[in-house]
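**Q** The structure under discussion is supplied below as structure tokens; questions concerning it will follow.
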Amino acid sequence: MKPVKTWPAWARNTLYLGLALAALFVLFRWLLPVILPFALALALARLMEPGVRFLRGRWHIPRKAGAALLTLLLVAVLSAALWYLLSWLFWEVNGLIERAPSLIARLPEVSESLTGRLERWIEAAPLSLRDTLRRAAEGVLSGVSAIPAALVQKLTGWVTAFAGKLPYMLLFMFALILSTFLISAEYPDISQSLLKPFPENARKRILSVKTQFVNTLGKWLKAQGIMMLITFGELLTGFMLLKVRTALLSALLIALVDALPVLGAGICIVPWAFVSLLSGEAFRAAGLAVMFGVIVLVRGFTEPRLVGGQVGMGALPTFMAMYVGVMTAGVPGMIAFPIILMTVKQVWAPMAKSK
């Protein structure tokens, strides 16, 4: 077999691309949970690098001191944002807990009212359909009556799971913060050492792929920011029409939650609509349900086109990459696969021309 360096350029590029894709697959499938804090620390150190250089050049602050200062600033900003979000969530949950006894006390009344309504509709239906509709209504009522217990059970499971994972989360945050400082303090040396094992041609190719990947990531983040603004506008408009007192704050926080692929706006709006229904605020519950439907439809229709437009791909390849990503590697894959696909496209284009 001929040495790789004697192969045609297109064959060598195809081999390198295949090896890179295989490495990325192994990374996202098996290695990511282990190396995630260090990968995030490397990304944060890269983002902090211009600031560290500025402090060193303008104020003659040593690299380690500048890295420590910016790491502390980053931790302070993220901690303040997290504290504010958790405080708001605690306030909302505490208010819901205070209202829970009155809501539970009204459940029989709500159930009786719903039963009477369904019975009137069934009596108005043709005789041949009444038995079928009555059985369906009984199933609906039994399902509705089981919702509170299911919600309590689900909430208890979430709290238990969160408490069980809290030590690992604290360890993760400690590793992330410490690694960010250590990597930023020696970022130039670490960047060079990562490329040392590769020959000169491979280094240039790796740097080229890195540039393309960072460029594509920036475009993807821009697309997600636009989607967040669209969702925020929908939420703010809906809340103002529903006369929600904290329309601006609620729209902002739910738009931030909606940006997370696993959660989405439904984790806030659906329980809110259910509580409103139990509280006798049928108009608000219906409005929240309609608003959630609009958000889901707009996101499903717009996101693949918007992401594809920003990164230069069509809606179908973008949607396929997102679907394959979430099925293969979960949420990280859903985020990373469209970016990887676009990076592959940008790297492959010059190779195709050289064939």
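What follows draws every value from the coordinates through simple rules; no lab data is involved. Quantities reported herein were computed from a predicted structural model and do not represent experimental measurements.
**Q** Based on the alpha carbons, how large is the Rg to Rh ratio for the stretch 27-80 when Rh follows Kirkwood?
**A** Here Rg/Rh amounts to 1.11.
**Q** Take the alpha carbon atoms of the stretch 209-236, find their center, do the same for the stretch 153-180, and report the distance between the two centers in whole angstrom.
**A** 27
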